[in-house]
Amino acid sequence: MSFLGPHPPFAPPIPYNRMYNPDKMPNPVNGDIKTDHMDEQIPYMNHLVWAEEINNSQARILKARYYGEISYIDACIGKILDAVEASENSDNTLICFFSDHGDHMGDHHAWQKESFFEASCRIPFLLSWPARIPAGQTRDNLISLADLFGIATSAGGASEMRDGINLLGVIEGRLQGREYITGMHGTPGSSQFKIMLRDKRWKYIYMANGGFEQLFDIEDDPHELRNLAMVAPSVIIKMKTLAAASCNVPGAKKALDGKGVLKSFAFAVRGKTRIHQFDCSIQRISYPKNPADALQSQIYIKAK
């Protein structure tokens, strides 16, 4: 099953649209903007969706609607689980609940996604299989959506991991989990490429545009407010070396220079644009130069 939400425009149905009080919502958690916006994807995405001037009051309203969408989806999933539990073989039914990404929701002066801050890249991941997995466990394994393929094939009796690990084997104590995990964004070899490497304590982020680095102690600084890249050189060397080694695979080798080091480019400000999402099938591809002309446009004539 796949659900579109929670997703902009944050419009859950009644009564979920008024379930949460905006005045009781927490404000976004922001660090120094030089650190938060070191990744130029963030200000680029803010401008793309008209979110660069959202204040705390507006953010609390959006968060209340966002929580409403989550509760609506929870109710929908509850109906599915009720049907599963009513079946004869419910104890031997494997359920995986996960998301494709998070949403900054104003944290780090950011909206939308596509960064390696926790708000964007750390997602819900729940497994239920009463016949094989004890209930109520909370684990700190480093996992990825790439592990879903291995979960499905293992449950079906023909294990094949591809880019993932045997997570069921890890949960059952038969196998060791990952020591670290990597994530990549953008085309390897381009200035927009960035890579994240994370172990259970440290998160390292490298951005090819400018060769910028971030290092966060997730145990001590879970909100990622203090960039320690300049004060922990030994950790930086280790994490950067591992990140470069992770790129030495088909499809990512262009992220490395001739010496096996992550490429960097002279910093360049990325041009900003807006996302219009017009319906080109009815010849509406942009806004009119004069706002009043919208009332005379073809889209409104056709609607009549």
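We did not get these values from a lab; they are worked out from the coordinates using the rules stated. Treat the numbers as computed from the prediction; the structure is a model and nothing was measured. Because the Cβ atoms are built from the backbone with ideal geometry, glycine has one as well, and the counts that use them run over all protein chains shown.
Electrostatic tally near residue 166: other residues with Cβ closer than 14 Å to its Cβ, Lys and Arg +1, Asp and Glu -1, net 0. By the beta-carbon count within 10 Å of each Cβ, the least crowded to most crowded order of 138, 187, 182, fewest first, is 138, 187, 182.
A viscosity of 0.692 mPa s and a temperature of 37 °C, combined with the Kirkwood radius over Cα pairs in Stokes-Einstein, give a translational diffusion coefficient for the stretch 191-302 of 186 µm²/s. Structure note, pairs 63/113; 238/263; 200/254; 113/272; 113/240; 24/63: Cα-Cα distances above 20 angstrom occur for 200/254; 113/240. Considering the stretch 88-190 at the alpha-carbon level, its Rg and Dmax are found to be 15.8, 53 Å. For residue 107, neighbours were defined as the other residues whose beta-carbon sits under 12 Å from its Cβ, and their charges (Lys and Arg +1, Asp and Glu -1) total -1.
Per-residue ellipticity at 222 nm from helix content only, as computed over the chain with -39500 (n - 2.57) for each DSSP H run of at least four residues, stands at -7500 deg cm²/dmol. Distance between the 7 Å Cα→Cβ label points at residue 257 and residue 162: 3.5 nm.
Roughly what % antiparallel, to the nearest 5, for the DSSP beta bridges in the chain? Of those bridges, close to 95 percent are antiparallel.
Annotation for residue 274 and residue 84: the two label points, set 7 Å from Cα along the Cα-Cβ direction, are 4.3 nm apart.
Each other residue within a Cβ distance under 11 Å of residue 221 adds +1 if Lys or Arg and -1 if Asp or Glu, for a net charge of -2. Shape analysis of the stretch 1-64 places it in the oblate category; the axes a ≥ b ≥ c from the Cα gyration tensor give an a/c of at least 1.5, with a/b not above b/c.
Counting only DSSP beta bridges with both residues in the stretch 182-273, the antiparallel share comes to about 95 percent. Sorted on the mean count of surrounding Cβ atoms within 10 Å across their residues, most packed first, peptides 206-215, 225-234, 43-52 read 206-215, 43-52, 225-234. Between the listed residues 90, 59, 247, the Cα displaced farthest toward the positive end of the dipole of the chain, a dipole computed from Cβ unit charges relative to the Cα centre, is found at 247.
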